[in-house]
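Visitor: After the C-alpha cells below, expect a handful of questions from me.
The values are calculated or read from the model by the stated rules, or taken from the named source; none is laboratory data. Note that the structure is a prediction, hence the values are computed from the model and not measured. Cβ placement follows ideal geometry from the backbone for every residue including glycine, while neighbour counts extend to all protein chains displayed. What goes into the accessible areas is simple: the full protein's heavy atoms, side chains included, and nothing from ligands, DNA or RNA. Shrake-Rupley method; radii C 1.70, N 1.55, O 1.52, S 1.80 Å.
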Amino acid sequence: MIDTIDALHKEKFEQWLLFGQHVLFTDIRISNDIIPKNIYKYELQESDCHPFETIMIGRHIIVNFEGTILSYQPIQLDKDNYRLIDETKDIECLPYRSITLNQYTHKVTKINSLIKVR
C-alpha cells in the first residue's frame, strides 16, 4: 500500500489509455488520503476465472483487486460507481517508459494548455 505522499511521488507508473484517456497504472493500492486534489483515483478488478484479465473499474474494489488507476480527468462510472471493462477494446498499454505522478501532471497540463491555445 502506498500511504505516504513521499512514496506516491517516488512511484513509477505504467502509462495506459483507458476508454481513450491517458491514465497511470500501478498494481499497488494507494490510500485515498494522499491523492492530490486535481487527480482522480480508481481501482481495477480482475476476473475470478482468468487471473490478470481486467473486468471492472470502480471507486473501491475489495475482491480480486488488480491495481490502481490515476487520471487527470474523471472516468465515467455507472450509478453504483463501477464500470465494466472489455480489456480488448477499453485498455491500451502505451509503449512509453514508466513515469512519476509529477511527470504525468506536467505532461497533461502542457498538452491541455496547447489544446486551449488552438
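Visitor: For the chain, take the longest principal axis of its alpha carbons; what is the angle in degrees between that and the long axis of helix 101-117, to the nearest 10 within 0 to 90?
Guide: Computed tilt is about 60 degrees.
Visitor: Let me know the charge dipole size of the chain about its Cα centre in debye, to the nearest 20, where only the beta-carbon of Lys, Arg (+1) and Asp, Glu (-1) is charged.
Guide: On the way: 14 positive and 17 negative charges, 185 e Å.
The calculation lands at about 880 debye.
Visitor: Here's a follow-up. So what is the relative contact order for the chain, in percent, with contacts set as C-alpha pairs under 8 Å and at least six apart? Don't skip to the end; give the middle numbers.
Guide: Values: 200 pairs, mean separation 36.9, N = 118.
This gives 31 percent for the chain.
Visitor: Describe numerically, in nm with one decimal, the distance between label points set 7 Å from Cα along Cα→Cβ at Asn32 and at Ser98.
Guide: 2.7
Visitor: On to the next question. Just to confirm the filter: which chymotrypsin sites (Phe, Trp or Tyr not before Pro) across region 17-118 are DSSP coil and have at most 11 other Cβ within 10 angstrom of their Cβ? If you can, show how the numbers build up before the last one.
Guide: On the way: sites: Phe19, Phe25, Tyr40, Tyr42, Phe52, Phe65, Tyr72, Tyr82, Tyr96, Tyr104; in loops: Phe19, Phe52, Tyr72, Tyr96.
The qualifying sites are Phe52, Tyr96.
Visitor: Give the separation of the Cα centroids, region 57-72 to region 8-24, in Å.
Guide: That distance is 12 Å.
Visitor: Which residue, Gln103, Gln15, Gln45, has the largest displacement toward the positive end of the dipole of the chain when charges sit on each Cβ (Lys, Arg +1; Asp, Glu -1)?
Guide: Looking along the dipole axis, the top candidate is Gln103.
Visitor: Is it possible to state the helix-based mean residue ellipticity at 222 nm for the chain, with each DSSP H run of 4+ residues giving -39500 (n - 2.57), the sum divided by total residues, to the nearest 500 deg cm²/dmol? What is it? Numbers along the way, then the final one.
Guide: Working: 3 runs with 27 residues, N = 118.
It comes out at -6500 deg cm²/dmol, rounded to the nearest 500.
Visitor: GNM on the chain, C-alpha springs below 10 Å: top fluctuator among His106, His50, His60?
Guide: His50
Visitor: What figure in square angstrom, to the nearest 10, would you give for the accessible area of Thr109 with a 1.4 Å probe?
Guide: Solvent-accessible area, nearest 10 Å²: 60 Å².
Visitor: Mind checking which lysines have their C-alpha under 19 Å from Lys79, skipping anything on the same chain fewer than 8 residues away?
Guide: Lys41
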